[in-house]
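Since the structure comes first, as structure tokens, the remarks are kept for the end.
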Amino acid sequence: MSNSFRLYIKNAKQAIVVCNNGEKFLTKEGMKNMSVMEDCSLIIGKDGLLKAVGPADSIGFQFRGAVFEKVIDASGMCVVPGLIDAHTHPVWAGDRVHEFALKLAGASYMAVHQAGGGIHYTVTHTRRASLDQLLHSLTQRLTRMLRSGTTLVECKSGYGLELDTELKMLMVIEKARQTLDIGISSTYCGAHAVPKGKTVAEATEDIIKVHLPKLKEKMAQGELRVDNIDVFCEKGVFDLDSTEAILQAGTDMGLQINFHGDELHPMNAAQLGAKLNALAVSHLEEVSDDGIAAMAKAKTSAVLLPTTAYILRLPQPRARDMLDRGVIVALGSDFNPNAYCCSMPMVMHLACVNMRLTMNEALAAATINAAYALGVSRSHGSLEVGKQGDLLIINSSRWEHLIYQFGGHQELIKYVIIKGNIV
Ligand code: NIG
Ligand code: FE
């Protein structure tokens, strides 16, 4: 083994490794057993992967004489895995601050949507925006997420609805992936709303017969990489049958399924996700007992989005029931013009206070389980040797400060490290 490494983090007060036996996800019992190591050190190699995590004295001894490009003395500080945001809509033009006032005054999400606002408002503005404008605002948003500790983020299209704008959005995400430090998992979400003037059946056919083949072609040519497919399965948007047809077509071309379901109305979306072996269903404020059981059995993760229930004053998703029944619970910010939140620490805080997760559960949901929801938990989501060296060093003597403090995390997070580089 080479004797030269990228980064040596030494003498951390605590490191929370999340899991340590190559688990792909954690359910409730596993989350209880998350271990905190006191007085430890970590080493990341030139390939960006973790080479050692363990007691400071034995690592110091084992690696004596080694050469490090960079050394961080983390005395008095804590190390946690980089946070993973499993659900965002970060590519758009035209904010909706005016709608926030309407919603505060009592207008529902669907009332605003059906009156031509909501997603439709953002679609109008996003269609007009140039690729460079969208890339500029996306870069600012992803940078803000990174500063709040997100090292890997799922990014959806879905404010174009017609082919050209959907491709423009995916190209913007692709350019961000190639130029920014933050990791990106990209999602085609052309079925985010039914375009004005089209029926659900027409929109579904358009996606299956026109959008997806074009995407496939661009992916084969190496122009685009798309990881996941998403549909907004909701009363008045895409019904269960059209959702199934679109997701099936996506899966047939190799995309991972990760879709919006059971948010405002019970739709049996959780059962559909389980049937299709989806990696994840997001939202689930209105999931049924059968849906919970089906997801647990199929190992389809639940991506819970505390900002949505909070801002729309919806019932909270039944996180405790899901955990008790063995569902793999993950978290996402749902960053979008409705829920303008770039901070996963804030999301974990809301999940603890409003959904009654423990802090261990929230951290596992925002790391290893979010990695699972994106199909990357072999390489991401915990501080295990062989995984990517993505982590945070926080300026506090107990890791829980990352959740306990709310707001102002940029002061708390001393270093964000991706592949062993300080970013
Ligand atoms: O996850 N529910 C559908 N999609 C988003 C909202 C998108 C928007 O309102 O622009 C969500 O909350
Ligand atoms: Fe969403």
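For the reader, a short list of remarks on this structure follows.
- For the residue pairs K209/K387; K28/K175; K51/K218; K103/K198, the C-alpha atoms sit more than 31 angstrom apart in K209/K387; K28/K175; K51/K218.
- Taken over the Cα atoms of the range 206-363, the convex hull encloses 120 Å³ per residue.
- In the range 216-260, the trypsin sites (Lys or Arg not before Pro) that fall in loop regions by DSSP, at most 15 other Cβ within 10 Å: R225, K235
- Charge tally around V226: other residues with Cβ under 10 Å, Lys/Arg +1 each, Asp/Glu -1 each, net +1.
- Estimated distance in nm for a label pair at D95 and T143, the labels positioned 7 Å out from Cα along Cα-to-Cβ: 1.6 nm
- For a label point 7 Å along the Cα-to-beta-carbon line of V385, residues of the range 12-37 with backbone N under 16 Å: 17, 19-23
- Separation in nanometres of the label points that stand 7 Å from Cα toward Cβ, at M253 and I422: 4.4 nm
- P(r) histogram, all alpha-carbon pairs of the chain included - 20 Å bins from 0, percent: 28, 57, 14, 0
- Taking V303, V347, V210 as the candidate residues, the one with maximal mean-square fluctuation in a Gaussian network model of the chain, Cα springs under 10 Å, is V210.
- For Y310, Y404, order by how many other beta-carbon atoms lie within 10 Å, fewest first: Y404, Y310
- Spin-label zone in the range 279-293 - amide nitrogen under 20 Å from a point set 7 Å from the Cα of N354 along the C-beta vector: 281-288
- Of the trypsin sites (Lys or Arg not before Pro) found in the range 62-151, those that fall in a DSSP loop while having at most 11 other beta-carbon atoms within 10 Å are R64.
- Each label point was placed 7 Å from the Cα along the Cα-to-Cβ direction; for Q114 and R320 their separation is 3.4 nm.
- Residues of the range 325-360 with amide N under 18 Å of a point placed 7 Å along Cα→Cβ from L104: 337-341
- Springs join every pair of Cα atoms under 10 Å in this Gaussian network model of the chain, and among L363, L255, L146 the largest mean-square fluctuation is at L255.
- For the chain, share of DSSP beta bridges that run antiparallel, in % to the nearest 5: 40 percent
Here, each number is a calculation from the coordinates, and none is a lab measurement. Since the structure is predicted, the reported quantities are computational estimates derived from the model, not experimental observations. Note that each Cβ is placed from the backbone with ideal geometry, even for glycine, and that neighbours are counted across all protein chains shown.
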